[in-house]
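Reading through the structure tokens given below for one structure.
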Amino acid sequence: MVIELDYAYLADYATVADGKLSAIGASFTHAKVAPGVESMNLSLAGRFRAPEDTTGARVQVEVQGPGDRFNVKADAVIEVTNPGRPYGGKIGILFAFNLTIPVVGTGLYVVTLYLEGEQVRRLAFDIEA
């Protein structure tokens, strides 16, 4: 079974409803936080392309803080319960992971997406004070 990533991006917030992906503040590369903020919410969203008979996809999200000050991983299985209309023998699997991550200071934060154990996207953003 071959599942491929069509696209992925970071957003302030994202959700999947009625077969559509909606996002607010999508595709950022910088974030500002007020002094004393200890965490922030963000979303990782996108679409996988898979054969019509796909029932699920195993994903892992990894978030790494600046200077390796933290590394958080989460595993999930996206179950295909309503695959939508096939196109070209494939289906689109939409996803939106809403995350709360620690803010350990300014610098580069890296979000890595794995699909079926393989790294498929690296997204990064700077946090500024």
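The values are calculated or read from the model by the stated rules, or taken from the named source; none is laboratory data. For clarity, every value in this text was computed on a predicted model and none was experimentally measured. For neighbour counting, all protein chains shown are included, and Cβ atoms are generated from backbone atoms with ideal geometry for every residue, glycine included.
Pull up segment 49-82, narrow it to residues that are under 27 Å from Gly19 (Cα atoms) and of a type in the set (S, T, N, Q), then point me to the one that is modelled with the highest pLDDT.
The residue in question is Gln60.
Can you name the strands (runs of 3 or more DSSP E) wholly within segment 4-47 that have at least 1 residues being closer than 14 Å to Leu94 by Cβ?
Of the strands (runs of 3 or more DSSP E) lying wholly inside segment 4-47, those with at least 1 residues that are closer than 14 Å to Leu94 by Cβ span 4-11, 13-17, 20-24.
Would you pick out the residues in segment 57-71 that are touching a strand residue (DSSP E or B) at 6+ places or on another chain (Cβ under 7 Å) and part of a loop (DSSP other than H, G, I, E, B)?
The answer is Gly65, Phe70.
Would you point out which residue out of Arg47, Arg122 is charged (D, E, K, R) and closer than 16 Å to Tyr13 by Cα? Don't jump to the end; show me each part of the working.
Working: Arg122 fails: closer than 16 Å to Tyr13 by Cα.
On inspection, the qualifying residue turns out to be Arg47.
Can you pull out every residue in segment 41-90 that is of a type in the set (Gly, Ala, Ser), closer than 19 Å to Val111 by Cβ and free of Cβ contacts under 8 Å to residues at least 24 places away in the same chain?
The answer is Ala76, and nothing else.
Within segment 41-50, can one find any residue that is within 19 Å of the chain's Cα centre (by Cα) and among the basic types (Lys, Arg)? Write out each step before concluding.
So the first thing to find is which residues in segment 41-50 are within 19 Å of the chain's Cα centre (by Cα), and the list is 41-50.
If we keep only those that are among the basic types (Lys, Arg) as well, we get 47, 49.
Taking every residue of segment 41-50 in turn, at least one turns out to be within 19 Å of the chain's Cα centre (by Cα) and among the basic types (Lys, Arg).
Can you work out which of the residues in segment 102-112 that are over 16 Å from Phe28 (Cα atoms) and among the aliphatic types (A, V, I, L, M) is surrounded by the fewest Cβ atoms within 10 Å (Cβ to Cβ)? Spell out the reasoning first.
Of the residues in segment 102-112, the ones over 16 Å from Phe28 (Cα atoms) are 102-105.
Subsequent filtering for residues that are among the aliphatic types (A, V, I, L, M) retains 103-104.
Details: Val103: 18, Val104: 15.
In this case the residue turns out to be Val104.
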